[in-house]
Amino acid sequence: MELPCELPQLSSDSEPEQTQSTGLWRVCLFTLGGELFAVDLRQVREVFELESITPVPGMPASLVGVANLRGTIVPLADLRLSLGVSPSTVSRYAIVVRHGPHQVGLLIDDVPEIRTISPDDLLNSSVPSATDKHPFLSGLVRVENRVSAMLELSKLLASVEESSTDMSPQTNR
């Protein structure tokens, strides 16, 4: 299933290169159920405050509905159950992320922050971690005195698309 949103292309969509010589890259940090997550800043379109969520009948549990973002309909995903995070708060914001032609709004708790991460901030991947249990996570990053899980958007959006396809009615031609 194609996700029903195509936001207009922005001049910043040319995939600005992360600094190769220094190994630094920029991430967007956000909280979800009290846990800290990070996503590559190049995949973030924007953040907006949720005014309302319109439920869509027949959608998988991870897609809670859609929102109108300046005339564009954006599907909204709640990742708390998929990531094993407590749904203790009501999400007030959404972060629009993209991977290829797909875009989806991820419900988040707080306005995110932008950080620059160095290779030294990556935690040892040989230690069993939350990434073993959650295929949507690609690793752990240290941010000051906190640990953040990096979201793997390609796997996340593929899972949302797959669960949407599984829920769609079969038609015979």
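Any idea which of LEU69, LEU41, LEU76 is among the aliphatic types (A, V, I, L, M), at pLDDT 90 or above and over 16 Å from the mean Cα position of the chain (by Cα)?
LEU69
Which one of the conditions (1) at pLDDT 90 or above; (2) within 14 Å of the chain's Cα centre (by Cα) does GLY100 fail to meet, given that it meets all the rest?
Of everything listed in (1) at pLDDT 90 or above; (2) within 14 Å of the chain's Cα centre (by Cα), GLY100 misses just condition (1).
Are any residues in the range 34-64 among the small types (Gly, Ala, Ser) and surrounded by fewer than 18 Cβ atoms within 10 Å (Cβ to Cβ), and if so, which ones?
First, the residues of the range 34-64 that are among the small types (Gly, Ala, Ser): 34, 38, 52, 58, 61-62.
Passing the criteria: GLY34, SER52, GLY58, ALA61.
Just checking, which of SER91, SER21 is modelled with pLDDT under 90, over 22 Å from ALA149 (Cα atoms) and hydroxyl-bearing (Ser, Thr, Tyr)?
Matching residue, one of SER91, SER21: SER21.
Going by the conditions given, is ARG142 at pLDDT 80 or above, under 30 Å from LEU24 (Cβ atoms), in contact with a helix residue (DSSP H, G or I) (Cβ under 7 Å, 6 or more places away or on another chain) and charged (D, E, K, R)?
yes
I want to confirm something. Restricting to the range 145-173 and keeping residues that are β-branched (Val, Ile, Thr) and surrounded by fewer than 20 Cβ atoms within 10 Å (Cβ to Cβ), which single residue is modelled with the highest pLDDT?
Here is the first cut: in the range 145-173, the residues β-branched (Val, Ile, Thr) are 147, 160, 165, 171.
In the following step, the residues that additionally are surrounded by fewer than 20 Cβ atoms within 10 Å (Cβ to Cβ) were identified as 147, 165, 171.
Working: VAL147: 88, THR165: 53, THR171: 39.
Only one residue fits best here, namely VAL147.
Here are some residues: VAL90, VAL74. Which one is more than 27 Å from ARG142 (Cβ to Cβ) and surrounded by fewer than 16 Cβ atoms within 10 Å (Cβ to Cβ)?
VAL90
The values are calculated or read from the model by the stated rules, or taken from the named source; none is laboratory data. Only a predicted model underlies this, so the values are computations on that prediction, with no experimental measurement involved. No Cβ is skipped: glycine too gets one built from the backbone with ideal geometry, and neighbour counts run over all protein chains shown.
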